[in-house]
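All remarks here apply to the structure that follows.
The values are calculated or read from the model by the stated rules, or taken from the named source; none is laboratory data. These figures come from a predicted structure and were not determined experimentally. A quick note on method: Cβ atoms are made from the backbone with ideal geometry, for glycine too, and the neighbour counts reach across all protein chains shown. When the accessible area is computed, the model is the full protein with side chains, heavy atoms only, and any ligands, DNA or RNA have been set aside. Shrake-Rupley method; radii C 1.70, N 1.55, O 1.52, S 1.80 Å.
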Amino acid sequence: MGQAKPFKSLPTLKEAQTGVDLRMTVNVALFTALIIIGGYISIPLPVGPVPIVLADFFVMVTGLFLGWKGGLTAVALYLFLGLLGLPVFAGGASGLAVLFGPTGGFLFGYLLLVGAVGLPANKEKLSLGKALTALTVGNLLLYSVGVPWLKAVLQCGWGAAMAAGLVPFIPGTVIKIIVAVALARVLRPRFQPGY
Amino acid sequence: MSIIETQDLTHIFPDGTVGIEQINLKINAGEFVIIAGANGSGKTVFARHLNGLLTPTKGQVLLDGQPITKNLIEARKKVGLVFQDPDRQFVGQTVAEEVAFGPENLNLPPAQVDSIVKASLALVGLSRFSHQSPRVLSGGLKRKLAIAGVLAMKPQIIILDEPFTGLDYPGVVQILQQILRLHAAGHTILLITHELEKVLAHAGRLVIFYQGRLVADGRPEAVVHGVERYGVRMPLRKGEEVKELSWLK
Amino acid sequence: MAEMTLFRYLHRDTVLHRMDGRLKLGSMLLLSVSASLAGALRHYLVLFCLLCIALRVAKLPWAALLKELKFFALIIWVVLSINATTIPGDPIPNLPLPGVTVQGVITGLRFAGRLINIILICVVTTGTTPLRTLRHVIEWCLRPLPFVPEVRIATMIQLTFALIPVLFIEFAEMSRAQKARCLEVRKNPIKRMYYTVLPFLEQTLHRTDQIVEAMEARGYSEIRTKAAFKSKTSDWLIFTLCLFVFLVIVFTKRG
């Protein structure tokens, strides 16, 4: 039975009757959970001093698999839960203090990231070029919010802001983009995006 | 009249694989039926039709003489399905919340939900765990929790899909006793398994599935001798009788 | 990860634990806004004292707070030292640190004060409110809003938190399995990450179907039981106190 229907995406009887897209509800919850645990798990890398935290990586993956609508819902839910004081952000932090702290720009930037990545991912077919472009644009948007925010909160110069919030993350981000694309190419054909 | 009945039930997957073919089965209220078969014989696919989780390609399921498609919610209340790997499917953060999920779906008033949850947990002996996370429970207790979640819907028929898989000896005994209590309380039991030696003594009927078809159906003593042909291990050793096939002493 | 499952909720039987969730969250909101608006030292002190009393009343251990602070200590230190040295102003008399200004230190301390108060608010709220209540309050608050599927959001929250510990354990198990198969030997970081995440993500995607199935089998419906709330006089008293503090801070700030 298990091998007969991996990643089935047919509408269930219930969906057809009530119009409730339960699968999307469950998917959003799952990907929100992934983004949250992404802030807790890290993969040490032989390059660069900063270990790779997987929260932003899972934001990219969310966009690729759920499209912009599901992706934005998942990231918004993530931010909302953090705002309420639940320890969902990297390292178990939470609350207004984090959202409006030095790294808050990156958290709000996740919305732009997931939106940019999810836009072309709504289509059934996602070409390699489109996926790479979307991920690159998304990350540029992320840092274009995150770095100025960091500068504003810390009241420091551009040089310091770049050194703290951009340069150390470049190698990791490149790796994440490549891995995200590779994963999407392998798994997406078996798992149709919802929207 | 039979409580549940399938007529020509056939399910073919979109990729052309045959799940089940032409299954005709009538089960009477209060029966204890075991469905056995090798992996991929269609028993799980069959079970998922009984409460409308899967829609047949052909044929239909009748519950109290009515097609289940008429009122799916009613079908899901009456036919409780305990999945094979329930701990992958818990939706509650606490034991009580997991059990409350079903009655909350029925939009019952909060006080009634509470009392149903308490009663269901008491029935399976999990009351003292109600505020804990389902993850901390042992394998046997996790199955019991899944059963409590189904009991909260007050079902008439309880289907258990491979309830013994992955359980140690005490776990199997716990679950077996629970199933017998449910049967004694008047529930119709449908137990899917390939481990006949653990439970066959308690069943009144044995049904064998093979490659998507129903190939044998009858009293356990009559059916059991031919099971090896269909990829199910012959549970009887030389000189043993069906009534000795139980892990309960 | 243990604290993730508990969400630092500590089961006690106190006024704050029994408080109506709606009023408790309302109070928290008022205090959070107060903390963000507060400018003068006495504002921070009033809030700080109030929250310390709340912490005592709720019988929450100070350790919970200190654990929180450990994480934020670094942020406070970074902000304080950057502010102290970059904001122009008068040097501190009799201090042999060049470049440190009075204005800079005050700006930094103000940031620290605000942060500590907000952390305290979070500790008290999450420590006294089980997630289930929080979910019910969210659902209740969103109910009057048009076009917001409040039940669906509540379901998403419930599932998210039921899944976090499960997924976390699964990820840990899979990384161990990959380690056992000598993934460490791979020098290429891309391949390393790819082979760590691939099986995990595949399992996770598969899980969607299993959960949808389990929910459907139990007749998932978005027309479902609504939580019952009951507010007592003491709840309103606490809320009124928070409202009073909020108003005082807002008005003395203007004046």
Exercise. Which one of these is without any contact (Cβ under 8 Å) to a residue 40 or more places away in the chain, out of contact with any strand residue (DSSP E or B) (no Cβ under 6 Å at 6 or more places or on another chain) and not in a helix (DSSP H, G or I): C:214, C:228?
Worked result: C:228
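This table checks each residue for (1) more than 14 Å from chain C (Cβ to nearest Cβ); (2) under 25 Å from residue C:24 (Cβ atoms); (3) in contact with a helix residue (DSSP H, G or I) (Cβ under 6 Å, 6 or more places away or on another chain).
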site: A:78; (1), (2), (3): no, yes, yes
site: A:82; (1), (2), (3): no, yes, no
site: A:96; (1), (2), (3): no, yes, yes
site: A:125; (1), (2), (3): yes, no, no
site: A:133; (1), (2), (3): yes, no, no
site: A:147; (1), (2), (3): yes, no, yes
For this session: Could you run through region C:22-68 and say how many residues are open to solvent by 60 Å² or more (accessible area, probe 1.4 Å), in a helix (DSSP H, G or I) and more than 27 Å from residue C:143 (Cα to Cα)?
Result: 14
Exercise. Quick check, is residue B:143 within 12 Å of chain C (Cβ to nearest Cβ), in contact (Cβ under 8 Å) with a residue 40 or more places away in the chain and either surrounded by fewer than 17 Cβ atoms within 10 Å (Cβ to Cβ) or touching a Pro at 6+ places or on another chain (Cβ under 7 Å) (or both)?
Worked result: no
Exercise. Looking at region B:218-249, which of the residues that are farther than 15 Å from residue B:194 by Cβ and of a type in the set (Lys, Arg) is least open to solvent (accessible area, probe 1.4 Å)?
Worked result: B:219
For this session: Give B:2, B:41 a once-over and let me know the one that is surrounded by 23 or more Cβ atoms within 10 Å (Cβ to Cβ) and touching a residue at least 24 places away in the same chain (Cβ under 8 Å).
Result: B:41
Problem set entry | Subset of region B:88-113 (residues that are free of Cβ contacts under 8 Å to residues at least 12 places away in the same chain and not in a loop (DSSP other than H, G, I, E, B)) | B:88, B:97, B:104, B:105, B:110, B:111, B:112
For this session: Using the structure shown, decide if residue C:153 is modelled with pLDDT of 85 or more, part of a helix (DSSP H, G or I) and open to solvent by 30 Å² or more (accessible area, probe 1.4 Å).
Result: yes
Problem set entry | Flag for residue B:84 being open to solvent by 20 Å² or more (accessible area, probe 1.4 Å), within 14 Å of the chain's Cα centre (by Cα) and either modelled with pLDDT under 95 or under 19 Å from residue C:166 (Cβ atoms) (or both) | yes
Exercise. How many of the residues in region A:120-132 are part of a helix (DSSP H, G or I) and free of Cβ contacts under 8 Å to residues at least 12 places away in the same chain?
Worked result: 2
For this session: Would you check which residues across region B:179-202 are part of a helix (DSSP H, G or I) and either crowded, with 17+ Cβ neighbours inside 10 Å or in contact with a Lys or Arg (Cβ under 9 Å, 6 or more places away or on another chain) (or both) and list them?
Result: B:179, B:182, B:183, B:196, B:197, B:198, B:200, B:201, B:202
Exercise. Pick from region B:66-85 the residues that are part of a helix (DSSP H, G or I) and more than 8 Å from every other protein chain (Cβ to nearest Cβ): which of them is nearest to residue B:6 (Cα to Cα)?
Worked result: B:68
Seminar exercise, completed: All conditions in (1) open to solvent by less than 70 Å² (accessible area, probe 1.4 Å); (2) free of Cβ contacts under 8 Å to residues at least 60 places away in the same chain; (3) out of contact with any helix residue (DSSP H, G or I) (no Cβ under 8 Å at 6 or more places or on another chain) are true of residue C:183 except (3)
Problem set entry | Residue among C:116, C:106 that is touching a residue at least 12 places away in the same chain (Cβ under 8 Å), closer than 19 Å to residue C:45 by Cβ and part of a helix (DSSP H, G or I) | C:116
For this session: Specify the residue that is most open to solvent (accessible area, probe 1.4 Å); the eligible residues are those in region A:156-171 that are within 9 Å of chain C (Cβ to nearest Cβ) and farther than 15 Å from residue A:103 by Cβ.
Result: A:171
Problem set entry | Sole residue being open to solvent by less than 60 Å² (accessible area, probe 1.4 Å), touching a residue at least 24 places away in the same chain (Cβ under 8 Å) and more than 10 Å from chain C (Cβ to nearest Cβ), chosen from B:171, B:166 | B:171
For this session: Quickly run through region B:189-237 and pick out the residues that are basic (Lys, Arg) and either without any contact (Cβ under 8 Å) to a residue 12 or more places away in the chain or out of contact with any strand residue (DSSP E or B) (no Cβ under 6 Å at 6 or more places or on another chain) (or both).
Result: B:198, B:219, B:229, B:233, B:237
Problem set entry | Matching option when the condition is surrounded by 17 or more Cβ atoms within 10 Å (Cβ to Cβ), under 19 Å from residue C:52 (Cα atoms) and of a type in the set (Gly, Ala, Ser), among C:112, C:84 | C:112
Problem set entry | Hits in region B:204-214 - residues which are surrounded by fewer than 22 Cβ atoms within 10 Å (Cβ to Cβ) and either at pLDDT below 90 or closer than 20 Å to residue B:159 by Cβ (or both) | B:204, B:205, B:210, B:213
